[in-house]
1. Taking only pairs six or more apart or across chains, which ones have beta-carbon atoms under 7 Å, a first residue in segment A:146-157 that is touching a residue at least 24 places away in the same chain (Cβ under 8 Å), and a second residue that is of a type in the set (Phe, Trp, Tyr)?
2. For segment B:192-212, which positions are surrounded by fewer than 24 Cβ atoms within 10 Å (Cβ to Cβ) and assigned to a strand (DSSP E or B)?
3. Looking only at residues in segment A:171-216 that are without any contact (Cβ under 8 Å) to a residue 24 or more places away in the chain and more than 14 Å from every other protein chain (Cβ to nearest Cβ), which one is farthest from the chain's Cα centre (by Cα)?
4. Could you tell me whether segment B:162-183 includes any residue that is within 19 Å of B:Leu46 (Cα to Cα), touching a residue at least 12 places away in the same chain (Cβ under 8 Å), within 14 Å of chain A (Cβ to nearest Cβ) and in contact with a strand residue (DSSP E or B) (Cβ under 9 Å, 6 or more places away or on another chain)?
5. State whether the residues of segment B:25-46 include one that is surrounded by 14 or more Cβ atoms within 10 Å (Cβ to Cβ), within 14 Å of another protein chain (Cβ to nearest Cβ) and of a type outside the set (S, T, N, Q).
6. Does any residue in segment A:17-35 that is more than 14 Å from A:Pro228 (Cα to Cα) come within less than 9 Å, Cβ to Cβ, of a residue that is of a type in the set (D, E, K, R) and surrounded by fewer than 16 Cβ atoms within 10 Å (Cβ to Cβ) six or more places away or on a different chain, and which pairs are these?
7. Determine the pairs where a residue that is farther than 30 Å from A:Asn189 by Cα and in a helix (DSSP H, G or I), located within segment A:118-143, has a partner that is at pLDDT below 95 and of a type in the set (S, T, N, Q) with Cβ atoms under 9 Å apart, the partner being 6 or more residues away or on another chain.
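The values are calculated or read from the model by the stated rules, or taken from the named source; none is laboratory data. Because the structure is a prediction, the values reported are computed rather than measured. All Cβ positions, even for glycine, are placed from backbone atoms using ideal geometry, and neighbour counts span all protein chains on display.
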Amino acid sequence: MPKRASIWAWFWVAVVAIYFFVPLYATFQYSLQAKRGTLGFTAYQNVLQTPEFAKSFTLSLQTAVITILVSTLLIVPTAYWVQLKIPRARSLIEFFTLLPFVIPAVVLVFGLIRAYNGTGLTDSSNGIYTIMVGAYVTLSFPYVYRSVDNGLQSIKVRTLTEAAQSLGAGWFTILFKVIFPNVFVSIINGAFITFAIVMGEFTIASLLSQKTFGPYLYQLSSSKVYEPSALSILSLALTWLCIALIQLIGRRSGQSRTTVF
Amino acid sequence: MAFLELTNIRKEFSAFTAVEDFNLKVDKGEFVSFLGPSGCGKTTTLRMIAGFEKPTNGQITIDSSDITSVPANKRNIGMVFQSYALFPNLSVANNIGFGLKVRGESAAVIKQRVSEMLDLIRMQEFANRFPHQLSGGQQQRVALARAIAIRPQVLLMDEPLSALDAKIRIALRQEIRAIQRQLGITTIYVTHDQEEALSISDRIVVMSRGRMEQIGTPLDIYNTPETRFVASFVGTLNLLDAKVVDARGGRIKIDDQEIEIGQQLLGAQVGKGVSVAIRPEAISINGKSGGLGNHLNGAVDDVSFLGSVVRVRVRLETQHINFDTFNNPNLKPPAIGQAVSLNFMPEACMVVRDE
């Protein structure tokens, strides 16, 4: 009986693997066919040599880093404060974290533009860029908040805070010397997911006319044949790299320690 | 002048009064325990001294300065928590040095003080370990060292041994007391374990339902409990319902058997109900204490072997009474159903208030 169950389990694993890997393999193989009759990395070379690629990739990279910094500095203290002072509000905040999933990106962008219209943010390219980062912070909210909230639940937030207070620490010291180091892995988890989202995001960047990696990928697909597939594979590789890094840092977290003096 | 003084402390959480009418004076270097069941307000009182809770009314002073409204991080009070509360990301040495670093001490001063503390808790070789690499007892010793490294005016301990197993608990409480005596640090210790409180404290505050029931030395609390609650909570005790027979002569009746209680019951009317407490160790059977004193006749209902002591439960007419006898391998304990005569001195009887 267990043997039969095991066979069925493997059968379903195989079905899912085929469903997932076959299109991926097809895209990969297609991206290798840029030179007629031979398989090679010509499409990848073409993509990597284009100045627009470097430009859009750098802009997305920069946006991802800023988004991670802003969302970390905003969400970690929020999650900490909610757990410490208003634990009853956790369910309400969790509801808020679902909103970015429910509200379509188009609605979010037009909402932001309407809200900030006439404030000066909509008049300059820097202002529009700021709105985009704000929108990305909103998109990252569910991932970063839930990750950090789980991390905070795994440590005794109240007791650690009180222990630090009894030793003379103020809120800044408690946050940066006690809380941040102890939820570091959770922050990294949220950060990498944010990174992957921002690097591939298309709708918001496109509607705000920002030349990031997502719109570049779309633009490329309308003018080239093999290069978009190569770029998709590169983008996917980047996401997998992020996940691998999360795993690596998570495993090493046991050894990552802070020094006080 | 008391070093730590709590005056008319009251703490309300919405409609619930956690602590009321709490007055306490603690001398410098004194070790005072708050003893009581869960929810009696002992931890809330401790947290008010620490600054984690603000009293609804009342004043807290340390060394004559009012700290009632001073934030917790400005009070210079060390605290040891039940769950150790060591910072998981810091080594033992860094945990101990944390408070000194926060105070802006130089690296050399911190290093020296940390080394002193590690010597004090005999954990020098564990300096570079992390909390998860230590046992519960070791973690609590580090937490103690961390709390006293900052040279606090008062040390607060919130059930620090509750999470440890019995053997370590006894060893560590002796160690805590020795360190406290050595440093002469004023200490408030919260526990629900009466044996712990009796063994470690200079004075004990017994609390119930947010109020102070009795304050006194361990001997006072154990030998002369003032209320029925203290009598029943501290140690094992027989609490018997009795009726006054002769108030002036100190004679009462328990299940129609008359005994003397060694004190006058001033103001009590004949026939009035009173609560009488007798410690199990104050009773012997069949006139072993020379036939003097009181006798109560009954039959053995149950015999419990507790190691060095055998506890025998005797049924009177409507009530039960326990007595303890040392385990003697050469003597058989009384058999169940055996008729016995319980013998105890009148002075062993304590008349306690009902509240």
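1. A:Leu152/A:Tyr80; A:Val157/A:Tyr80
2. The answer is B:Arg203, B:Ser208, B:Arg211, B:Met212.
3. Only one residue fits best here, namely A:Ser206.
4. yes
5. Yes - at least one qualifying residue is present in segment B:25-46.
6. The qualifying pairs do not exist here.
7. If the second residue must be at pLDDT below 95 and of a type in the set (S, T, N, Q), the pairs left are A:Ser125/A:Ser209; A:Ser125/A:Gln210.
For every residue, the table says whether it meets (1) farther than 15 Å from A:Leu139 by Cβ; (2) under 17 Å from the mean Cα position of the chain (by Cα); (3) in a helix (DSSP H, G or I).
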{"site": "A:Thr63", "(1), (2), (3)": "no, yes, yes"}
{"site": "A:Thr72", "(1), (2), (3)": "no, yes, yes"}
{"site": "A:Thr78", "(1), (2), (3)": "yes, no, yes"}
{"site": "A:Val82", "(1), (2), (3)": "yes, no, yes"}
{"site": "A:Arg90", "(1), (2), (3)": "yes, no, yes"}
{"site": "A:Phe95", "(1), (2), (3)": "yes, no, yes"}
{"site": "A:Leu99", "(1), (2), (3)": "no, yes, yes"}
{"site": "A:Val106", "(1), (2), (3)": "no, no, yes"}
{"site": "A:Gly111", "(1), (2), (3)": "no, no, yes"}
